[in-house]
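The values are calculated or read from the model by the stated rules, or taken from the named source; none is laboratory data. In this text the structure is predicted, and so the values were computed from the model without any measurement. Here the Cβ positions follow ideal geometry from the backbone for every residue, glycine too, while neighbour counts run over all protein chains shown.
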Amino acid sequence: MEELKRSVYIETTIPSVLTARPGRDIGALYRQAVTRDFWDNERHKYDLYISEYVVEECEKGDKDAAKRRLELIEGIPHLPIGKEVNDLAEEYFKYLKIPSRAKTDCFHLAVSVICKMDFLMSWNLTHLGSVYFSKVCEFNATLGFEKTPNLFDPDALMRAARRGNI
């Protein structure tokens with residue numbers, strides 16, 4: 001019997017890091033290497049998903065970079081976006097009081113919650129990081145959501161999987 005794969009919502013920073021030119025500092029190089037390792041060796045262990053929000057963000061910026069990002073995510077199933085997702089994203093935005101330039105992060109989060117993803121994968125730990133994310137978990141409980149996806153960057157997901165913690 002085939003084991004069910006866990007679901008992962010891929011937020012825009014993942015294709016952005018994967019397709020970026022080599023970083024100029026050790027942190028950027030590290031993120032690129034780890035993300036490449038996940039993409040090349042681990043992603044087949046999961047069911048990956050994106051949303052139209054990821055596509056829209058991948059289309060922005062330098063045309064060549066946008067093309068690389070869009071090619072990378074081609075074929076990854078899109079999760080549905082509807083009123084429920086939009087309403088929840090707006091609630092997150094009001095609740096978390098994050099800067100308006102980061103509002104799309106609320107939409108990524110809402111998609112992953114409404115579509116009951118196991119994991120939300122992102123390198124954006126500024127507005128989706130532990131302080132905000134713990135608030136989201138508490139908020140979701142008050143709204144009656146049974147679960148909130150676990151937030152991981154590729155390195156943390158691979159380490160947790162190796163340790164058997166997921």
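Which condition breaks for Phe93 when tested against (1) over 16 Å from Tyr53 (Cα atoms); (2) crowded, with 19+ Cβ neighbours inside 10 Å; (3) aromatic (Phe, Trp, Tyr)?
It is condition (1) that Phe93 fails.
Does Tyr53 satisfy the criteria of being at pLDDT 95 or above and either closer than 18 Å to Asp118 by Cβ or aliphatic (A, V, I, L, M) (or both)?
no
Identify, from the list Arg68, Arg101, the residue that is out of contact with any Asp or Glu (no Cβ under 8 Å at 6 or more places or on another chain), among the basic types (Lys, Arg) and either loosely packed, with under 14 Cβ neighbours inside 10 Å or free of Cβ contacts under 8 Å to residues at least 12 places away in the same chain (or both). Talk me through it step by step, then tell me what you get.
Working: Arg68 fails: either loosely packed, with under 14 Cβ neighbours inside 10 Å or free of Cβ contacts under 8 Å to residues at least 12 places away in the same chain (or both).
Only one candidate qualifies: Arg101.
Can you spot a residue in segment 20-36 that is surrounded by fewer than 20 Cβ atoms within 10 Å (Cβ to Cβ), modelled with pLDDT under 95 and of a type in the set (Asp, Glu)?
Yes - at least one qualifying residue is present in segment 20-36.
Counting only residues that are charged (D, E, K, R) and modelled with pLDDT under 95, which one in segment 95-138 is farthest from Ser16 (Cα to Cα)?
Glu138
If Tyr9 satisfies all but one of (1) closer than 18 Å to Ala160 by Cα; (2) in contact with a helix residue (DSSP H, G or I) (Cβ under 7 Å, 6 or more places away or on another chain); (3) assigned to a helix (DSSP H, G or I), what's the number of the condition it fails?
(3)
Suppose the filter is surrounded by fewer than 15 Cβ atoms within 10 Å (Cβ to Cβ) and in contact with a strand residue (DSSP E or B) (Cβ under 9 Å, 6 or more places away or on another chain); does His78 pass it?
The answer is yes for His78.
Does Leu109 satisfy the criteria of being aliphatic (A, V, I, L, M), part of a helix (DSSP H, G or I) and in contact with a helix residue (DSSP H, G or I) (Cβ under 9 Å, 6 or more places away or on another chain)?
Values: aliphatic (A, V, I, L, M): yes; part of a helix (DSSP H, G or I): yes; in contact with a helix residue (DSSP H, G or I) (Cβ under 9 Å, 6 or more places away or on another chain): yes.
Judged against the criteria, Leu109 is a match.
Do you know which residues across segment 106-155 are closer than 19 Å to Asp87 by Cβ, touching a residue at least 40 places away in the same chain (Cβ under 8 Å) and of a type outside the set (A, V, I, L, M)?
Of everything in segment 106-155, those that are closer than 19 Å to Asp87 by Cβ, touching a residue at least 40 places away in the same chain (Cβ under 8 Å) and of a type outside the set (A, V, I, L, M) turn out to be Phe107, His108, Ser112, Cys115, Lys116, Lys135, Phe139, Pro149.
Taking segment 79-122 as the region of interest, how many residues are under 28 Å from Arg159 (Cβ atoms), of a type in the set (Val, Ile, Thr) and over 11 Å from the mean Cα position of the chain (by Cα)?
Matching residues across segment 79-122 total 4.
Against the conditions (1) within 18 Å of the chain's Cα centre (by Cα); (2) assigned to a loop (DSSP other than H, G, I, E, B), where does Gln32 fall short? Just the number, please.
(2)
Can you name every residue in segment 70-94 that is in contact with a Phe, Trp or Tyr (Cβ under 9 Å, 6 or more places away or on another chain) and under 17 Å from Leu18 (Cβ atoms)?
Across segment 70-94, the qualifying residues are Leu72, Ile76.
Looking only at segment 37-50, which residues are in contact with a Leu (Cβ under 9 Å, 6 or more places away or on another chain) and either at pLDDT below 95 or in a helix (DSSP H, G or I) (or both)?
Those that are in contact with a Leu (Cβ under 9 Å, 6 or more places away or on another chain) and either at pLDDT below 95 or in a helix (DSSP H, G or I) (or both): Phe38, Trp39, Glu42.
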